[in-house]
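Notes to accompany the following structure.
The values are calculated or read from the model by the stated rules, or taken from the named source; none is laboratory data. Everything numeric here is computed off the predicted structure, so don't read it as measured data. Cβ sites come from the backbone with ideal geometry, for glycine too, and all protein chains shown count toward neighbours. Side chains are part of the model used for accessible areas, which takes the heavy atoms of the whole protein and leaves out ligands, DNA and RNA. Shrake-Rupley method; radii C 1.70, N 1.55, O 1.52, S 1.80 Å.
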Amino acid sequence: MIPSAFGYVRASSLANAIDLLRQDPEGTRLVAGGHTLIPTLKLRLASPALLVDIRGIADMRGISIDDKAIRIGALTTHAELLASQQLNDVFPIFRQTATRIADPQVRNRGTIGGSIANADPAADWPAVVIALNAELEIVGPTGSRRVPAKDFFVDIFTTVLEPAEVLAAIHLRRPTLGARFIYRKIRHPASGYAVVGVAVGLRMEDGLVAEMSIGVTGAASHAFSGDAATRFLMAKPLSHESIEEAAKLVSEATECLSDRYASAEYRASLVRTETKRALLSLAA
Ligand SMILES: Cc1cc2nc3c(=O)[nH]c(=O)nc-3n(C[C@H](O)[C@H](O)[C@H](O)COP(=O)(O)OP(=O)(O)OC[C@H]3O[C@@H](n4cnc5c(N)ncnc54)[C@H](O)[C@@H]3O)c2cc1C
């Protein structure tokens, strides 16, 4: 449980962090909340030569909300997301999700950016940012780019981030009037992570589905968007039959993970049940 020796430096700015990453992409790791990285170092699953602490970078902190959009700095902690009344007045799903992440100690240190960049297949925020149609602001040596959250997660612990890139912020559009969001999670009894987590956004107009989004975590190698179900439900009423069919489509969207706690069949069945429950609850 003792990490290998490493150097430590506090980045003075985002540009400084990127420069340090660029000099030795293989041997350098960013540290934000440290609540995933430090255990990884202690178990020697990673042995970087240099840790670059990004917590002091002011541009990557805080939540700003205007008439049209919301920007969440990547260094915003789970506890800050839980506590922000202004954010939760617009998107109560942040409080709903943050309260289900670990315990107050982890929530006080862990960051939304660290969670998204780490892409643990069982992490909670990936499903939520997909369902909110978030855009992720990535900054690297050649400038910045924005990637839709649903295209960000590529494989287990793998994202579209290039070696010298940093996830700087999460951008959201304010929801259309009447849009509602929900996150449902089946917690692993030992770790508290998601065995399956389903985030759903829905807006009805004249009794028909006008906007819909589904993000799923825990089930597969990486979080994914339930696009087939969304396409199927658009412009349809939310009947018992259409909800059943949509939930089935989400559960069949990808190959599920299998481990000692939950088989692939069980995970697929949880995806189906939780999607159905989320839709029924939003439809009510
Ligand atoms: C006991 C315990 C229980 C937990 N339970 C849950 C849970 O129920 N649900 C859940 O979702 N999570 C859970 N977590 C994980 C927790 O939320 C972590 O804090 C989070 O996943 C990582 O965030 P961090 O800021 O600590 O990142 P760090 O540990 O600092 O970094 C994680 C990785 O991401 C990289 N990184 C960090 N920030 C950035 C950035 N801005 N740009 C690019 N790369 C970056 C780092 O280099 C590192 O590789 C738990 C953790 C613990 C210790």
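For Arg203, the stated conditions do not hold, so it cannot be described as outside the structural domain of Leu238 (by TED's automatic domain parsing) and out of contact with any helix residue (DSSP H, G or I) (no Cβ under 8 Å at 6 or more places or on another chain).
Here is a yes/no grid of residues against (1) touching a Cys at 6+ places or on another chain (Cβ under 9 Å); (2) part of a helix (DSSP H, G or I); (3) within 14 Å of the ligand (Cβ to nearest atom):
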residue: Ser64; (1), (2), (3): no, no, no
residue: Glu80; (1), (2), (3): no, yes, yes
residue: Asp89; (1), (2), (3): no, yes, no
residue: Arg95; (1), (2), (3): no, yes, no
residue: Arg100; (1), (2), (3): no, no, yes
residue: Asp120; (1), (2), (3): no, no, yes
residue: Pro126; (1), (2), (3): no, yes, yes
residue: Ile130; (1), (2), (3): no, yes, yes
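Being more than 25 Å from Ala102 (Cβ to Cβ) and either among the acidic types (Asp, Glu) or touching a Ser or Thr at 6+ places or on another chain (Cβ under 7 Å) (or both) is true for just one of Ala283, Ala253, Ala210, Ala247. Which residue is that? Quick ask: steps written out before the conclusion?
Details: Ala283 fails: either among the acidic types (Asp, Glu) or touching a Ser or Thr at 6+ places or on another chain (Cβ under 7 Å) (or both); Ala253 fails: either among the acidic types (Asp, Glu) or touching a Ser or Thr at 6+ places or on another chain (Cβ under 7 Å) (or both); Ala210 fails: either among the acidic types (Asp, Glu) or touching a Ser or Thr at 6+ places or on another chain (Cβ under 7 Å) (or both).
After ruling out the rest, the residue left standing is Ala247.
Only one of (1) farther than 30 Å from Leu20 by Cα; (2) in contact with a strand residue (DSSP E or B) (Cβ under 8 Å, 6 or more places away or on another chain); (3) more than 16 Å from the ligand (Cβ to nearest atom) is not met by Leu172, so which one is it? The single condition Leu172 does not satisfy is (1). For Ser191, the criteria (1) at pLDDT below 95; (2) assigned to a helix (DSSP H, G or I); (3) among the small types (Gly, Ala, Ser) hold in every case but one, which is (2).
Of Ser239, Ser269, Ser225, Ser221, all but one fail to be of a type in the set (Gly, Ala, Ser), under 18 Å from Ala123 (Cβ atoms) and out of contact with any Gly (no Cβ under 8 Å at 6 or more places or on another chain); the exception is Ser221. Among the residues of region 186-222, those that are open to solvent by 30 Å² or more (accessible area, probe 1.4 Å), among the hydrophobic types (A, V, I, L, M, F, W, C) and closer than 19 Å to Asp259 by Cα comprise Ile186, Ala190.
Which condition does Phe94 not pass, out of (1) in contact (Cβ under 8 Å) with a residue 40 or more places away in the chain; (2) touching a helix residue (DSSP H, G or I) at 6+ places or on another chain (Cβ under 7 Å); (3) not charged (D, E, K, R), if it passes all the others? Here Phe94 meets the rest and fails (1). For region 148-178, what are the residues that are under 27 Å from Ser269 (Cα atoms), in contact with an Asp or Glu (Cβ under 9 Å, 6 or more places away or on another chain) and surrounded by 18 or more Cβ atoms within 10 Å (Cβ to Cβ)? Scanning region 148-178 gives Ala149, Lys150.
Filtering region 135-151 to residues that are touching a strand residue (DSSP E or B) at 6+ places or on another chain (Cβ under 6 Å) and within 11 Å of the ligand (Cβ to nearest atom) leaves Leu136, Glu137, Ile138, Val139. Of all residues in region 229-241, those satisfying the criterion of being crowded, with 17+ Cβ neighbours inside 10 Å and in contact with a helix residue (DSSP H, G or I) (Cβ under 7 Å, 6 or more places away or on another chain) are Ala229, Phe232, Leu233, Leu238. Mind checking whether some residue in region 114-137 is open to solvent by 70 Å² or more (accessible area, probe 1.4 Å), of a type in the set (Ser, Thr, Tyr) and closer than 15 Å to Gly73 by Cα? Among the residues of region 114-137, not one is open to solvent by 70 Å² or more (accessible area, probe 1.4 Å), of a type in the set (Ser, Thr, Tyr) and closer than 15 Å to Gly73 by Cα, which makes the answer no. Would you be able to say whether some residue in region 69-89 is surrounded by 15 or more Cβ atoms within 10 Å (Cβ to Cβ), farther than 30 Å from Leu257 by Cα and among the β-branched types (Val, Ile, Thr)? Scanning region 69-89 turns up at least one residue that is surrounded by 15 or more Cβ atoms within 10 Å (Cβ to Cβ), farther than 30 Å from Leu257 by Cα and among the β-branched types (Val, Ile, Thr).
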